[in-house]
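The values are calculated or read from the model by the stated rules, or taken from the named source; none is laboratory data. These numbers were taken from a predicted model, which means no experiment stands behind them. Methodologically, a virtual Cβ is constructed for each residue, glycine included, from the backbone with ideal geometry; neighbour enumeration extends over all protein chains shown. Note: areas computed on protein heavy atoms with side chains; ligands, DNA, RNA excluded. Shrake-Rupley method; radii C 1.70, N 1.55, O 1.52, S 1.80 Å.
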Amino acid sequence: LPARPPAKVRRRALRGLQVVAGLLVGLVIAEGAFRLRDHGAFPHLNLYRQDPELGVRLRPNTTQKLLVGKNNPITRVAIDADGYRVIEAPGQPRTDAPAGVLAIGDSQVFGLGVEGEQTFVAELGRLTGKAAYDGGVPTYGPAEYQAVLDELLARKKPSVVVYVVNFANDRFEANRPNKTRRCTPRCAVPCR
């Protein structure tokens, strides 16, 4: 029969297991408390997938409850089959209609923190009476705007394109593509 470990070793192992169990219970309680407090909303947009050309893209056909800041309401973000925000709004033509208005940009165009029908892109659709399509993606900069524009011009055939430049950060992002700003060690394209 193997000899039993000394009592000191057993006590340390037991203490280590208690610490690990305590941490796990604490994490579960904290997660539950945050879910209750925020009604299941996440504090950051978490619908990205990696893309070797653009750094990231929005995952098609996904939804998320989002809480941007403490004083804002919880919003629901829905991403369509093409990987862009759904903005269906009363009084606007269906989103599968050819786009009359296409807006390109970052989180401001995307409407981070507001419902899809509250975005300025949805308002453009209401004001013009044309189907509007939201080509905004948070984290994108000028290089990605152009790639989105090239992709969506052929597919959506809009009569009007609204190209929104965010002067707060686009001047810094113009020479630094998203794939070098938004990547992880698992990225197909290494960070530079």
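For the reader, a short list of remarks on this structure follows.
- Heavy-atom accessible area order for 86, 101, largest first, 1.4 Å probe: 86, 101
- When 157, 179 are compared by accessible area at a 1.4 angstrom probe, the order from most to least is 157, 179.
- Descending by average beta-carbon neighbour count within 10 Å, the peptides 146-156, 12-22 line up as 146-156, 12-22, the highest first.
- Remark: spin-label model distance residue 174-residue 21 equals 6.1 nm, labels positioned 7 Å along the Cα→Cβ axis.
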